[in-house]
Amino acid sequence: MYKHLIGLLCSILLSVVLATPGSALDLGRRGLLGITATPLPAGAGSIGPGVLAARVIAGSPAAQAGVVSGDVVVSVDGTPLAAVDDFLREVRVHRAGDTIRVELRRAGQPLTLAITLGAVPFETAFGVDFTYDAVTTPTGLRRTIMTTPQAPAAGRRPAVLLIGGIGSYSVDYSFDPDHDVAEPYRRLLTALTRRGFVTLRVEKSGVGDSEGPPAKEVDLEGELAGYVAGLRMLKQRPEVDPERVFILGHSIGSVEAPMAAARDPVRGIVVMQGVGTTWFEYELVNVRRQLELEGLAPAAVADRMALKEWAMHRLLIEGQPRAALLAERPAAAAMIKYPASDAYLRQVAALNLPALWAPLDLPVLVVYGTADFITSEADSRAILQNVNSVHPGRGELRIIDHMDHYLTDAADQATSFKAPRAWDLTPARHPAYQTAIESVVGDWLVAQAGHSG
């Protein structure tokens, strides 16, 4: 604990965090409870609803109120919790300073606590300044986090906008002395900042400090609005050269990156672990690959693939209501379980993904990791072909051995498929960040930006 405290103090002394309290763009800070929740162990649900407090951050409001690891969180403010998503939803609507009522079950006995939420701390990093601001979208303000090198610059700097993968997750990573596992996005963006780039992240709707409906209810256009607004913000910053702004798109960010660039031009695009065919084709190939990695017999794989095709076509292509599909074939629920809204997926499925690249005559770096089980090398080569077929020589492909979809290290697809993730909450077992991504992306960006970072 002592070494973590010293590290935090050094970071605070050597990193500047800028915000503008009281301004029109001051969103306030989201509330910090300090409980990491996981589903109840198999069989535990028979004693009632709830989620497991798998970890309680030392010194957090939850810890100070008396919550301990192993407690079952039954409800928040009277709302029963049937899943981790319920817990996150009930906590995330609150800001720092709010008091919530948490009902627990400890060793079978009920316990109710009133807990006043703290403020999630701002990020810090050695040699990097952080600016917390916001952009305006039709559904409200979205939190932005900009990093700037502290080292002096001869002129205005190149910049990178991150467009991450699908889902309702935060890209605002704060210091946690008990769980100091750096997120790959943060690691990569910090490395780029130290090479002279300004970087920008935009929180999704309803995530972190952002206003608006939950990200899982937003459609593609609604999500894209935040990234386009962020792109325009970057170009208007006095420290940024508007002619040297890039987009870094990861996973489904490979779809949104060319869409954003078509609305506001950029110098170049990096796509990592992306999709290059139609979404329908991609999903079928991806699901088959994962079923086979799971070890299912060929006949079982064939049955599930038939169900997947049936459900996905009706939901995404024909636009039939989800409830009607599941009423007809309840087993299809697992085949159309998405971390985004049906409207979002329908809009993605309707896109001609190769055609997105046609109007963009700019350099594109395509990156694929050989241990990625969510996309394939064929997907990345399809993106490369999409670019070079209309703009010969503009696309390049880099393959990184032993990197998986999460930008972490794995021997192969099977190893990554079976590995625990950050949400499995076993810090000692987290896969290691694949540092090769920093040089592959960083070297290309430096060359394209024309500076010596």
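What follows draws every value from the coordinates through simple rules; no lab data is involved. None of the values given here were measured: they were computed from a predicted structure. Every residue, glycine among them, receives a Cβ derived from its backbone with ideal geometry; neighbour counts consider all protein chains shown.
Amide hydrogen proximity for Leu248: with H placed 1.01 Å from N in the peptide plane, the residues at 5 or more positions away or on another chain lying under 5 Å are Leu161, Leu162, Ile163, Val270. Once Rg and the Kirkwood radius are both taken over the C-alpha atoms of the range 20-158, their ratio Rg/Rh works out to 1.10. Here the chain carries DSSP beta bridges of which approximately 60% are antiparallel, counting only pairs with both residues inside. What translational diffusion coefficient, in µm²/s and rounded to a whole number, does the Stokes-Einstein relation yield for the range 279-349 at 25 °C and a viscosity of 0.890 mPa s, taking the hydrodynamic radius as the Kirkwood radius over Cα pairs? Value of D from the Cα-based Kirkwood radius: 197 µm²/s. Each of the peptides 216-223, 158-165, 49-56 was scored by the mean count of other Cβ atoms within 10 Å over its residues; in descending order, highest first, they stand as 158-165, 49-56, 216-223.
Here the Karplus relation 6.51 cos²θ - 1.76 cosθ + 1.60, evaluated at θ = phi - 60°, turns the backbone of the range 383-396 into coupling constants of 4, 4, 5, 4, 6, 6, 5, 10, 9, x, x, 7, x, 10 Hz, with x for every Gly and Pro. Extents of the range 186-253, taken as max minus min of Cα coordinates on every principal axis and listed largest first, are 36, 25, 22 Å.
Return the aspartates and glutamates within reach of Lys235: Cα separation strictly under 12 angstrom, same-chain partners fewer than 8 residues apart disregarded; answer none if there are no such residues. Here the aspartates and glutamates satisfying the reach criterion relative to Lys235 are Glu243, Asp264. In whole percents, the pair-distance distribution calculated for the range 332-423 from its alpha-carbon pairs, binned every 10 Å from zero, is 15, 32, 37, 16, 1. Which of the three applies to the chain, rounded, prolate or oblate, going by the alpha-carbon gyration tensor with a ≥ b ≥ c and a/c under 1.5 meaning rounded? Here the chain falls in the oblate category.
Across the range 269-278, computed HN-Hα scalar couplings (Karplus, 6.51 cos²θ - 1.76 cosθ + 1.60, θ = phi - 60°) run 9, 10, 10, 10, 6, x, 10, x, 9, 5 Hz from first to last residue, x flagging Gly and Pro.
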